[in-house]
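**Student:** One structure, as structure tokens, below. Some questions next.
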Amino acid sequence: MNKVAYLTAAALIGLSAGAANAAVDIAEAPTGFFVPTDAEKFDSPYYRDADEDWEWTHGAIAPGFATAELNISAFDVDTDGNGGTFPPEVDNVYAWDSGAWVLLGSLDGFGEVWEFTTFNLGANFFDDIAAGLQVRLDIDVDNIGWSVTLAKSTLTTDGSDPGDPTPGAVPEPTTWAMMIGGLGLVGLQMRRRRGKTVVSFA
Ligand SMILES: [Ca+2]
Ligand SMILES: [Ca+2]
Ligand SMILES: [Ca+2]
Ligand SMILES: [Ca+2]
């Protein structure tokens, strides 16, 4: 490893050590009914009605974080009731808290846009996050004919960037940096192993 690569790896190790509790867990296609691409946003089963409520579970995030947020990317949340013509669309989001569903709030996006709705998760959810947070969506609570599509559910801790709300979006630059950093560390470990092998044959 040359000096620049070594310093980069060292910097990434320092960076990850400093942000040890910052994590991101993304639930998205092909999990459940998250739409895989923008082109399918009005297709079944992704464009879902009042009687098509569903639930999903996030991957576990190890304890040690101080704050947590749930970011849900939805399309066609008609909170304006299509310009006031109809009562507004209400899609309620719940999270599992040690034995009971707790209402976090409603999706707050508009009509024809992909947008995150962000919910702050209090300390009462931290044990549930460590076990893998369960989330529930009640689509069109008043059952008046609204439908909605979800792209992803992104659970973040300690202020991590939830990234792009668009379905099938490529990873953010920060994610690439972490992936490249991870590959660099693997390379470093492989070099170390090779070095040990040479020593054992000497
Ligand atoms: Ca419903
Ligand atoms: Ca709890
Ligand atoms: Ca609409
Ligand atoms: Ca809608």
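**Student:** Which pairs turn up if I take residues in segment 40-59 that are assigned to a loop (DSSP other than H, G, I, E, B) and look for partners that are among the hydroxyl-bearing types (Ser, Thr, Tyr) with beta carbon separation below 8 Å, at least 6 apart in sequence or on another chain?
**Tutor:** From segment 40-59, the pairs are Lys41/Tyr47; Lys41/Thr149; Phe42/Thr149; Tyr46/Thr149; Tyr47/Ser147; Tyr47/Thr149; Asp49/Ser147; His58/Ser153.
**Student:** Right, next: Please specify each residue of segment 142-153 satisfying the condition of being within 10 Å of ligand 1 (Cβ to nearest atom) and either of a type in the set (D, E, K, R) or open to solvent by 60 Å² or more (accessible area, probe 1.4 Å) (or both).
**Tutor:** Those that are within 10 Å of ligand 1 (Cβ to nearest atom) and either of a type in the set (D, E, K, R) or open to solvent by 60 Å² or more (accessible area, probe 1.4 Å) (or both): Asp142, Asn143.
**Student:** When you check Asn71 against the structure, is it away from ligand 3 (no atom under 16 Å from the Cβ) and surrounded by fewer than 20 Cβ atoms within 10 Å (Cβ to Cβ), yes or no?
**Tutor:** It is false that Asn71 is away from ligand 3 (no atom under 16 Å from the Cβ) and surrounded by fewer than 20 Cβ atoms within 10 Å (Cβ to Cβ).
**Student:** Return the total of residues in segment 32-60 being open to solvent by 40 Å² or more (accessible area, probe 1.4 Å), away from ligand 1 (no atom under 16 Å from the Cβ) and in contact with a Lys or Arg (Cβ under 6 Å, 6 or more places away or on another chain).
**Tutor:** Total meeting the criteria: 0.
**Student:** Here's another thing I want to ask about it. Can you say whether Pro63 is open to solvent by 20 Å² or more (accessible area, probe 1.4 Å) and within 16 Å of ligand 2 (Cβ to nearest atom), as far as the supplied structure shows?
**Tutor:** When the stated conditions are applied, Pro63 passes them.
**Student:** Turning to a different aspect of this structure: Hey, can you tell me all the residues within segment 88-100 that are within 16 Å of ligand 4 (Cβ to nearest atom) and either over 24 Å from Ser73 (Cβ atoms) or open to solvent by less than 50 Å² (accessible area, probe 1.4 Å) (or both)?
**Tutor:** Within segment 88-100, Glu89, Val90, Asp91, Asn92, Val93 meet the criteria.
**Student:** Residues of segment 104-162 being away from ligand 3 (no atom under 15 Å from the Cβ) and assigned to a loop (DSSP other than H, G, I, E, B), which ones?
**Tutor:** Gly122, Gly132, Leu133, Val141, Asp142, Asn143, Asp158, Gly159, Ser160, Asp161, Pro162
**Student:** Exactly one condition in (1) open to solvent by 80 Å² or more (accessible area, probe 1.4 Å); (2) more than 16 Å from ligand 4 (Cβ to nearest atom); (3) at pLDDT 60 or above is false for Ser160; which is it?
**Tutor:** All conditions pass for Ser160, except number (1).
**Student:** Only one residue in Leu121, Leu107, Leu103 is crowded, with 21+ Cβ neighbours inside 10 Å and within 16 Å of ligand 2 (Cβ to nearest atom), so which one is that?
**Tutor:** Leu121
**Student:** For segment 115-136, give me each residue that is more than 24 Å from Gly64 (Cα to Cα) and either away from ligand 4 (no atom under 13 Å from the Cβ) or among the small types (Gly, Ala, Ser) (or both).
**Tutor:** Result: Phe116, Thr117, Arg136.
**Student:** Can you confirm whether segment 121-141 contains a residue that is within 16 Å of ligand 1 (Cβ to nearest atom), aliphatic (A, V, I, L, M) and farther than 21 Å from Val24 by Cβ?
**Tutor:** Yes, segment 121-141 has at least one match.
**Student:** OK, next. Taking Pro63 as the residue in question, decide whether it is out of contact with any Asp or Glu (no Cβ under 7 Å at 6 or more places or on another chain) and outside any strand (DSSP E or B).
**Tutor:** Yes: the conditions hold for Pro63.
The values are calculated or read from the model by the stated rules, or taken from the named source; none is laboratory data. All of these numbers come straight from a predicted model, not from anything done at the bench. Ideal geometry is used to build each Cβ from the backbone, glycine not excepted, and the neighbour counts take in all protein chains shown. Accessible surface areas use protein heavy atoms only, side chains included; no ligands, DNA or RNA. Shrake-Rupley method; radii C 1.70, N 1.55, O 1.52, S 1.80 Å.
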